[in-house]
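Beneath this line is the structure, given in structure tokens, with notes to follow.
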Amino acid sequence: MRIPRTVLPPQNYTKMSPHSECIGSPCSRKPFTERRPMLISKLFGYVFTYALRHRIDESHGLSHSMNTLYYAHKIFKTEVQLHPRIQSQERMIYTAAILHDMCDAKYTDKTTEIAKIGHFLQDKLTDKETEMTKAIVSSMSYSHVAQHGFPQLGDYQTAYHIVREADLLTAYDVDRSIVFHMHTKNATTYEAYTNARKFFMERVFLHNEHKLFVTEYGRKQSAILHEKTLERLWFWKTMIDYDLYGFTDPPPKNT
């Protein structure tokens, strides 16, 4: 028995918004064709091309930018209730979250890449937004904060902490750390796990003790991720033991 195919009525998608509240019905927002080209898509394109050019693995590439954007959005939604003035900074916050590792000194020259970021953003953000994006991404790394402390960015201080803490929260990803050590140090699974465990014990698990989280969401989420990270480390310890000592049952015999 053939099931008849359901034919949906044609939709005028140029009049639709990607926002969930508008899906399936006309939206009051301007259609895509009447607005600026989609910023986030262009930013991800920049990250993708940059990662290919510099042979950057996924630990600091596109997937990391996506995860940082996710946490930046979550923190922003909490902080904007406390600091309404940052509502106008949302676009700049997400831009900095996506591009923050595109000037990482581990892979390239920081000053040169910050200048390139500024050039890329010329026709996408205002001059002030571009200036503050560059200021945030150039001063938010763990090593920079450890050496110089937090910069003073005035009205953009909350935006700075949102992007910085979003990046810190992504550091609780054990797999990401293992991938990084495999890629940059050509490490075995055991070596990468050992280095990752050391990284978490000596750095990531001390984030709250070192008062690196100043937002409510950052403090609460880091505590949740701390517990998940411990579980993930235990999983990898089990896998490493299998790798080193074998499984309980003997391997099957070839017949």
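Every read-out reported here was derived from the displayed coordinates using simple, explicitly stated rules and does not represent laboratory data. As the structure is a computational prediction, the values presented were derived from the model and not from experiment. Positions of Cβ are backbone-derived with ideal geometry, glycine not excepted, and every protein chain shown enters the neighbour counts.
Extending each Cα 7 Å along its Cβ direction at residue 186 and residue 148, get the distance between those two points in nm, one decimal.
3.4 nm
Using unit Cβ charges (K, R positive; D, E negative) and no other charged atoms, how large, in debye to the nearest 20, is the dipole of the range 155-254 about its Cα centre?
Around 120 debye, computed over the range 155-254.
Counting other C-beta atoms within 10 Å, and keeping those with at most 13, which DSSP coil trypsin sites (Lys or Arg not before Pro) do you find in the range 86-134?
Answer by residue number: 106.
With viscosity set to 1.306 mPa s at 10 °C, what whole-number translational diffusion coefficient in µm²/s follows for the range 172-250 from Stokes-Einstein and a Kirkwood radius over Cα pairs?
Estimated via Stokes-Einstein, D reaches 116 µm²/s.
Over all alpha-carbon pairs of the range 141-202, lay out the pair-distance distribution in 5 Å bins, whole %, shortest bin first.
4, 17, 19, 19, 15, 12, 9, 4, 2, 0
Determine, for 148, 100, the number of other Cβ atoms within 10 Å of each Cβ, and report the residues in order from fewest to most.
148, 100
Cα centroids of the range 120-152 and the range 191-255: how far apart, whole angstrom?
31 Å
So which lysines pass the test for residue 134, namely a Cα distance under 18 Å, with those fewer than 8 places away in the same chain ruled out?
42, 106, 110, 116, 124
Using the alpha carbon gyration tensor of the range 78-222, what are the three equivalent-ellipsoid semi-axes (square root of 5 times each eigenvalue), largest first, in whole Å?
After scaling each eigenvalue by five and taking roots: 28, 20, 12 Å.
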